[in-house]
Amino acid sequence: MAMHGMRGLSIFISDIRNCQNKEQERLRVDKELGNIRNRFKKEKGLTPYDKKKYVWKMLYIYMLGYDVDFGHMEAVSLISAPKYPEKQVGYIVTSCLLNENHDFLRLAINTVRNDIIGQNETFQCLALTLVGNIGGREFAESLAPDVQKLLLSSSCRPLVRKKAALCLLRLFRKNPDVVNVDGWADRMTQLLDERDLGVLTSSMSLLVALVSNNHEAYWTCLPKCVKILERLARNQDVPQEYTYYGIPSPWLQVKTMRALQYFPTIEDPNTRRTLFEVLQWILMGTDVVKNVNKNNASHAVLFEALALVMHLDAEKEMMSQCVALLGKFIAVREPNIRYLGLENMTRMLIVADVQESIKRHQAQIITSLKDPDISICRRALDLLYGMCDITNAKDIVEELLQYLNSADFTMLEELSLKAAILAEKFAPDLSWYVDVILQLIEKAGDFISDDIWFHVVQFVTNNDDLQPYAAAKAKEYLDKPAVDEKMVKVCAYILGEYSHLLARRPGCSPKEIFSIIHEKLPSVSTTTIPLLLSAYAKILMHTQPPDQVLQNQIWTIFTKELRYESCIDAEIQQRAVEYFALSRKGAAVMDILGEMPKFPERQSSLIKKAEDAEADTAEQSALKLRAQQQPSNALVVTDQHPSNGEPLPVFVGQLSVVKAPNMNNTEDHSSTEQVLSQENGNLSQVDQQPPSADPLSDLLGPLAIEGPPGATVQYENSAVSGLESGPDVVDGSAIVPVEVGTNTIQPIGNIAVRFHALCLKDSGVLYEDPYIQIGIKAEWRAHQGRLVLFLGNKNTSPLVSVQALILPPAHLKMELSLVPDTIPPRAQVQCPLEVVNLRPSRDVAVLDFSYKFGTHMVNIKLRLPAVLNKFLQPLPVSAEEFFPQWRSLSGPPLKLQEVVRGVRPMALPEMANLLHSYRIAISPGLDPNPNNLVASTTFYSENTRAIVCLVRIETDPADRTQLRMTLASGDPTLTFELKEFIKEQLVSIPTVAQAPTPAPPAAPPTPQIPPNDPAALLTDLL
Amino acid sequence: MIHFVLLISRQGKVRLTKWYSPYSQKERTKVIRELSGLILTRGPKLCNFVEWRGLRVVYKRYASLYFCMCIDEDDNELEILEIIHHYVEVLDRYFGSVCELDLIYNFHKAYFILDELLIAGELQEPSKRTVTRLVAAQDSLVETAKEQTSSITNIIAQAAK
């Protein structure tokens, strides 16, 4: 056949085919390449035929996968050969070997242009084909007008014009300016009248590209497209050779409908009606037939029609017809149709109102998820992901989890990521979320990105209710024999932090928990060991009373057994040394190894990642929309404020004094402390005064209302100044997992801590974030108070839409003076707030504050420190005053007695200090029993005026967790309220940052607890 | 648009490559390797589409040969599948019951035909008859040229005698 005369090439191909192995093939190829190189070098005596033959051989060798780094010039030079056979080879081989960026191609531009503008039709075809296939920007600039001329020429035959159309399309892609010609749109419209379907098909491809870029210029093409579609769909006047398996050019139909999808809408009612009739015809008239090719072709048209219907936003009836069709497709056995059915259903989700009808197919879609064909699984997964909402999340996520067992491993990563995102977005409850993620890690640990387990830790840390559950689950998983390393990490972390919450359950003693974790140590890598060491240190710290055996065991690990002290890995070494040193410090450890503070709320890094990854903008917007409908659970949980009369956790100030010496002990280990402190928040402040680690706070001089109370504090500040870390610096490698995103405004410092501090003193910072600082200064006189709010703008641009609203409880009368709408840059405004106490109550006033900075609308609800103890005046009494009154107030409701259990154990002087800090004066020596306390105070309110309150607390030295408390006053409400108030201080441990369920923190806290914050200490004691 | 066309044998030998988007030599080799691994391992009776690097590869196996075309995600897959078949039918018509060997020894013909079918990654001619006619016309051009050459050679040879 056609191979006459090229015997050399045939022989070479046969040789290659006869090669027994790759090595032989390489030898043969090298020999040939050497030969070709020599022949090309000599040039002389090389006939056009020889050149042609060698160039073909080069292409063949190139196809075999060998580098052909010479001879390109010879191929390009053949383009300028005068005769067709050589020219043809030159064009074809050049367009195969080179790409548009190749330098040699530039050399050919002139020759190519000459062929295009020349009179030889076959040369024109060759040149247009080359430019159409590999033409670059330079070709676009120099050849576009010539190509346009050919396309529009009436004297050119269709075979040239259709090539010119696609050639122009290529040039347009390289440089859209090539069609910036007057009247080009009109010419395009005329082109659509073309009778030759080859030219029309090529022109339609060109039109698709043009309208996708600028539909407005080509609106006159729209009715023509509809006409073409109508003619084809109804098979009117279509030559036999252009029907494909009985279908009038399916390709042209598809392209025409594609072009129509770039027009936003169809205004002309007649055109619109005609189009819908045609579409209806296509939707109804497509049947499944036996012949594969006919089937494919007709469904290619049908799917394009579906896309056009979706685009045109057809009437409901037609839409439901589409959903019904797709529902049929996803149930068929033919894999191509099923694949496309799933894909188009996913696209359809963007169209409103179909979500519900698509949900009906959920079972069918899940069947496809388990298809052996990974392409189909992917479509099914995408669809399930897209259709998931709060109603079906549980089912879908559980299906995904189940599918993890059998899924193709190339899908595991995507599958687990999607499952994790859905679990996070739509979790009906948090324990379910934890279950899902742990299962994910168990089943696909290798494919789980660290983000996912970091996030679990974040959720657990931020939700106190979840902690015991998570700890129990973690233990369950670690108990299993073969555990994925990621599972070891997450479980060890959770157990380190929270296993003490399980201490009473069987098998959960510190010792047992430790051995479960430690069992895994030999099998984990060096990146996990530091996490285990942290867990050991925390377990050891939580073991109260200390367990000598366990302590020795852990110390041995830190020092000898695994020689971490001299471990080559700096991280392990440092932790071992530090934990060992710390764990010998006794109480001071509590400061440093206390529970991790809550994480600030941010946009989920997972969801963010998913959004970034979504290339499909439509899907992205749908995703965002759903994300908005479904706020993160954590946000919901933490967004509570105690205006409902919940008991208030109140800060215990005196303890800080007691603890201060401990801090001094650490001075000579300051470097160690610094590093460790990073693990647990920040050492930047040691006093209960709200920290001002933010460098910006200096700008607001006037707000630093009160200096640090003593020199010690000054000293401590300087001791830790090396930290300079700001609230967010944490040991990124091991403990704090979540990347810092700054999408939402985070408060600086812990709002709850600040509030409790202000309950005990009268001035300080109530709230701070990157934009604003709110300070408070208060004066109290009897039942009246005057607070001043200092609103300081920290930025160089104004804060606008500032609003402050006081939500007072019933017992307080509060009047806030006018708050300006705008706070100028770096300015501070003062807003006085008058408070009158009407009657005794523990309810708390809330400040609802909002402002706008740039595009950020920030709204915060802050408790105001106008609390019960502010209306007390300590009143030391003598025995003569005390006993007559005590006796006269006999029995309820004026005198109430209660045995309080679960009291935080503390020494008597400590308790006295505690009461004193709430302005209740101790009268020593009144009670003959040294284990009892007697105290008194005066309460002021408008209704009650001044009332004396008497307190007696009887403690049991054998059991410090219980006591009996007796309260007496002339007002039953006061007696009750004050009793409850004191009880709260004694019992509900004011775990400021980790408040237990009754009083969740008022706002998302941040990792910043003053290190001798009693709250931090006390949590650890429990 | 079609970014590239690949013909790969069941053993992973490349029989034809045509690139409409600019890929460097290195990328081309990598693409071929990746896709061979992805497609040749797929069992029968699966769908004809493979998702790859954010693109779709539509492929179909004819005897021992896989025809693959890579397109954008939102292109019409079935349309491309039938372009493949259209190409195969034209090859079949040209060679008369085409087999892999035809394409090995006449790979340049496969390129000629493909160039009549696709330009710029778009279909240029939906009519098989037209394509076959045009390729035949090219062949006869080559033949004519050769006859002329040989007749000239003969004349020269004659004259030289």
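Some observations on this one:
- Amide H contacts of A:Ile247 (H built 1.01 Å from N, in plane; Pro and chain starts excluded): no residue 5 or more places away or on another chain comes under 5 Å.
- Of A:Lys443/A:Lys520; A:Lys511/A:Lys585; A:Lys425/B:Lys60, those spanning more than 28 Å from alpha-carbon to alpha-carbon: A:Lys425/B:Lys60
- Average beta-carbon neighbours from other chains, 10 Å sphere, peptide B:97-109: 4
- Among the listed pairs A:Lys162/B:Lys30; A:Lys777/A:Lys979; A:Lys31/A:Lys53, those whose Cα-Cα separation exceeds 25 Å are A:Lys162/B:Lys30; A:Lys777/A:Lys979.
- Residue-averaged 222 nm ellipticity for chain B, from DSSP H runs of 4+ at -39500 (n - 2.57), nearest 500: -17500 deg cm²/dmol
- Net length gained if the chain between A:Glu898 and A:Ile350 were fully extended (0.36 nm per residue, minus Cα distance): 191.0 nm
- Here region A:761-862 is treated with +1 on each Lys and Arg Cβ and -1 on each Asp and Glu Cβ, and its dipole about the Cα centre works out to around 160 debye.
- Cut-off under 5 Å, modelled amide H: who pairs with B:Ala120 long-range: A:Asn133
- Of the chymotrypsin sites (Phe, Trp or Tyr not before Pro) found in region A:1-110, those in coil by DSSP whose Cβ has at most 13 other Cβ atoms within 10 Å are A:Phe70.
- In terms of its alpha-carbon gyration tensor, region A:352-460 comes out oblate; a/c meets the 1.5 threshold, while b/c is at least as large as a/b.
- Note on A:Lys560 and A:Ser449: the model spin-label points, each 7 Å out from Cα along the C-beta direction, lie 4.6 nm apart.
- Cα centroid of region B:25-48 to Cα centroid of region A:230-286, whole Å: 34
- Alpha-carbon centroid distance for the pair region A:787-801 / region A:152-173, whole angstrom: 66
- For region A:264-274, 3J(HN,Hα) per residue [Karplus equation, 6.51 cos²θ - 1.76 cosθ + 1.60, θ = phi - 60°, Hz, x = Gly/Pro]: x, 7, 10, 7, 5, x, 5, 4, 4, 5, 4
- For the pair A:Ala827 and A:Gln803, a Förster radius of 25 Å applied to the C-beta separation gives a FRET efficiency near 0.90, rounded to the nearest 0.05.
- Cα gyration tensor shape for region A:182-281, rounded if a/c is under 1.5, else prolate or oblate: oblate
- Under 14 Å from the B:Asp92 label point (7 Å along Cα→beta-carbon), backbone N, region B:102-128: B:128
- Tensor-based shape of region A:297-429 (alpha-carbon gyration tensor, a/c under 1.5 rounded, otherwise prolate or oblate): oblate
- Alpha-carbon centroids, region A:857-883 and region A:924-941: separation in whole Å: 17
- If only the Cβ of Lys and Arg carry +1 and only the Cβ of Asp and Glu carry -1, the dipole of region B:73-161 around its Cα centre is close to 1000 debye.
- Residue-wise HN-Hα couplings along region B:104-119, as the Karplus relation 6.51 cos²θ - 1.76 cosθ + 1.60 with θ = phi - 60° gives them from phi, are 6, 7, 10, 4, 5, 5, 4, 5, 4, 5, 4, 5, 7, 9, 10, 9 Hz; Gly and Pro carry x.
- Of the trypsin sites (Lys or Arg not before Pro) found in region B:1-75, those that fall in a DSSP loop while having at most 15 other beta-carbon atoms within 10 Å are B:Arg10, B:Lys45, B:Arg53.
- Linear extension gain, A:Ala879 paired with A:Thr265, 0.36 nm per residue minus alpha-carbon span: 211.8 nm
- FRET efficiency for A:Asp15 and A:Glu216, using Cβ-Cβ distance with R0 set to 56 Å, rounded to 0.05: 0.40
- Of the GluC sites (Glu not before Pro) in region A:262-306, the ones in a loop by DSSP (not H, G, I, E or B) with at most 13 other beta carbons within 10 Å are A:Glu267.
- A:Leu812, A:Leu128 arranged by Cβ crowding within 10 Å, fewest neighbours leading: A:Leu812, A:Leu128
- Under a 5 Å amide H cut-off, with hydrogens placed 1.01 Å from N, B:Tyr62 pairs with B:Phe67 among residues at least 5 apart or on other chains.
- Length gained on full extension, A:Trp281 to A:Asn35: 82.3 nm, using 0.36 nm per residue less the C-alpha separation.
- Phi angles across region A:177-192 convert, under the Karplus curve 6.51 cos²θ - 1.76 cosθ + 1.60 with θ = phi - 60°, into 3J(HN,Hα) values of 5, 4, 9, 6, 10, 4, x, 5, 4, 5, 5, 4, 4, 5, 4, 6 Hz, Gly and Pro given as x.
Values quoted throughout were computed directly from the atomic coordinates according to the rules given, and no laboratory measurement underlies them. Keep in mind that this is a model prediction, so the values were computed, not measured. A quick note on method: Cβ atoms are made from the backbone with ideal geometry, for glycine too, and the neighbour counts reach across all protein chains shown.
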